[in-house]
Amino acid sequence: MLSQLGQKFWVFMVASLMSAICAAEAAGPHQVVEQVTQQMMAVVKGGDQALKTNPDQYYEKVGKVLDGVVSFEFIAKNVMGPSWEQATSEQRSQFTQAFRSGMVKTLAKGMGNYQDMKIQVLPPKADIAGQKRVDVQQEVVGADKTHQVSYSMGLDKNGEWKLVNVVLNGVNLGKSFRDQFTQALKQNNNSIDAVTKGWNAEPAK
C-alpha cells in the first residue's frame, strides 16, 4: 500500500542523508543529520549485491541506522491521526512496525541509485539554541534539477534530536502519508487491522 509518492519521498530522504560530509561532533540537529550520513554511506556500499545475496541482513543494517535518528512512533502517530487514540496499544505497535518495515525496505532498495547526488547542508539562518523543533535545510543536486529538502528535527525527552517529518520541494511527507492512511481506512470500512496488513503491499503500477 506504500504509494509511489511515498517511495519517492523516502528515497530522496535517504539520498540527502548519504552525500554530505560529517564536520562536527556536537549533537545538534544539523550535526545529527551529517553523522547519520556517514553511517548510511558505509551501509550502502555493496548494497546492490547485498540485496541479491542477503537482503534481510541488509535491511537490518539500514534499520539500525534509521532507528537511531527517525522517530517512527511519532510519525506513525501523526499518520494515523485520530485513529491513534481509537486504536488499542497492540494496534498502535503493529502499525508502527508495519510503517517502519515499509520505510526501511523502500530506502534500502532505493539508496544505491542516489550515491552520486551532490548534497549541501545549509547552515541555520538564526540562532537555534534552546529550540526543541528545528528545520534542517538541504539542497540535493540531481541530474534533472536541484531539490529542496527540509528535515523537521525534534528534541525528544532524552535530549536527542530525532527526525519527525520531511518536506520535499514544498510537499509535506507526513501529510501525504496521513492522507494515504485516511483513504485506506475508508476503503477498508475503518478497519485499522486491514490497513496495517496492507500497508507494505506493493503499490499499484
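The values are calculated or read from the model by the stated rules, or taken from the named source; none is laboratory data. Note that the structure is predicted; figures quoted are calculated from it, not measured. Here the Cβ is made from the backbone with ideal geometry for all residues, glycine too, and neighbour counts use every protein chain on show. Surface accessibility is based on the protein's heavy atoms, side chains included, excluding ligands, DNA and RNA. Shrake-Rupley method; radii C 1.70, N 1.55, O 1.52, S 1.80 Å.
Taken over segment 28-56, residues that are assigned to a loop (DSSP other than H, G, I, E, B), out of contact with any Phe, Trp or Tyr (no Cβ under 8 Å at 6 or more places or on another chain) and either modelled with pLDDT of 85 or more or within 21 Å of residue 122 (Cβ to Cβ) (or both) amount to 1.
The rows are residues; the columns are (1) in contact with an Asp or Glu (Cβ under 7 Å, 6 or more places away or on another chain); (2) under 27 Å from residue 161 (Cβ atoms); (3) surrounded by fewer than 18 Cβ atoms within 10 Å (Cβ to Cβ).
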position	(1), (2), (3)
50	no, no, no
53	no, no, yes
60	no, yes, yes
63	no, yes, no
68	no, yes, yes
83	no, no, no
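Among the residues making up segment 165-175, those that are assigned to a strand (DSSP E or B) and surrounded by fewer than 18 Cβ atoms within 10 Å (Cβ to Cβ) are 171, 172.
Within segment 32-48, the set of residues being within 19 Å of the chain's Cα centre (by Cα) and open to solvent by 50 Å² or more (accessible area, probe 1.4 Å) comprises 35, 38, 39, 41, 42. From 127, 135, 144, grab the single residue that is of a type in the set (D, E, K, R), surrounded by fewer than 17 Cβ atoms within 10 Å (Cβ to Cβ) and at pLDDT below 80. So the residue among 127, 135, 144 that is of a type in the set (D, E, K, R), surrounded by fewer than 17 Cβ atoms within 10 Å (Cβ to Cβ) and at pLDDT below 80 is 144.
Got at least one residue in segment 176-195 being loosely packed, with under 14 Cβ neighbours inside 10 Å and under 20 Å from the mean Cα position of the chain (by Cα)? Looking for residues that are loosely packed, with under 14 Cβ neighbours inside 10 Å and under 20 Å from the mean Cα position of the chain (by Cα), one finds none in segment 176-195, hence no.
Return the residues of segment 36-76 that are over 23 Å from residue 153 (Cβ atoms) and of a type in the set (Asp, Glu); say none if nothing qualifies. Those that are over 23 Å from residue 153 (Cβ atoms) and of a type in the set (Asp, Glu): 48, 56, 60. The condition of being in contact (Cβ under 8 Å) with a residue 40 or more places away in the chain, on the phi < 0 side of the Ramachandran plot and touching a helix residue (DSSP H, G or I) at 6+ places or on another chain (Cβ under 9 Å) holds for only one of 79, 65, that being 79.
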